[in-house]
1. Which residues, taken from the stretch 54-85, are within 16 Å of TRP34 (Cβ to Cβ) and among the aromatic types (Phe, Trp, Tyr)?
2. Kindly indicate whether LEU43 is surrounded by fewer than 16 Cβ atoms within 10 Å (Cβ to Cβ) and modelled with pLDDT under 95.
3. Within 21 Å of GLY29 (Cβ to Cβ), of a type outside the set (Lys, Arg) and part of a loop (DSSP other than H, G, I, E, B): is that true of ALA71 in this structure?
4. Kindly indicate whether ASP26 is over 15 Å from SER2 (Cβ atoms) and modelled with pLDDT of 95 or more.
5. Could you check how many residues of the stretch 55-96 are touching a His at 6+ places or on another chain (Cβ under 7 Å) and touching a residue at least 40 places away in the same chain (Cβ under 8 Å)?
6. With the structure loaded, tell me whether GLU35 is in a helix (DSSP H, G or I), closer than 15 Å to LYS3 by Cα and modelled with pLDDT of 95 or more or whether it fails that test.
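The values are calculated or read from the model by the stated rules, or taken from the named source; none is laboratory data. Remember, predicted model here, so these are calculated numbers, not experimental data. We place every Cβ from the backbone using ideal geometry, glycine too, and count neighbours over all the protein chains shown.
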Amino acid sequence: MSKYLVNKFLFTIDRDHELTERYRQDPVGTVDWWEAEMANSLLNCIAAEKTTWLSFTEDERTALVTHDHVALFDLGAHPFLTLTLWIAMFERDFTEPLGMQLDYARKLADKCLPYPDITT
């Protein structure tokens, strides 16, 4: 498993409104595209700086395409990255104040310390 790659995906998707919307509407296509086009760009800045060995595991891919933040948490994804991206993608689906954040927390309520290692 590559916590780095999952966290890099979450970070880069969350920083671009169009990618955030694309991921919300087409998670399978977005994950496939990002893995093929962006995953091996080391710094996301110079095309010549590429590697070929980074790819998602099946568990990571499944959690990403199903928008499963609990599975991502269990896999070691940084919770701040999932939370900020989930707010951008799903907050609009809730009518009550902080509804998305409360739902997010409720789904993680059975988790206890120590949390998975979230270092990258």
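1. Scanning the stretch 54-85 gives a single hit, PHE56.
2. Judged against the criteria, LEU43 is a match.
3. In short, no.
4. Details: over 15 Å from SER2 (Cβ atoms): yes; modelled with pLDDT of 95 or more: yes.
Considered against the rule, which asks whether it is over 15 Å from SER2 (Cβ atoms) and modelled with pLDDT of 95 or more, ASP26 comes out as yes.
5. Residues flagged as touching a His at 6+ places or on another chain (Cβ under 7 Å) and touching a residue at least 40 places away in the same chain (Cβ under 8 Å) within the stretch 55-96 amount to 1.
6. Details: in a helix (DSSP H, G or I): yes; closer than 15 Å to LYS3 by Cα: yes; modelled with pLDDT of 95 or more: no.
Here the answer is no, as GLU35 does not meet what is asked.
Residues are listed down the side, and each one gets a yes or a no for (1) within 20 Å of LEU5 (Cα to Cα); (2) surrounded by 14 or more Cβ atoms within 10 Å (Cβ to Cβ); (3) modelled with pLDDT of 90 or more:
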| position | (1), (2), (3) |
| --- | --- |
| GLU58 | yes, no, yes |
| LEU81 | yes, yes, yes |
| ARG92 | no, no, yes |
| LEU98 | no, no, yes |
| GLN101 | no, yes, yes |
| TYR104 | no, yes, yes |
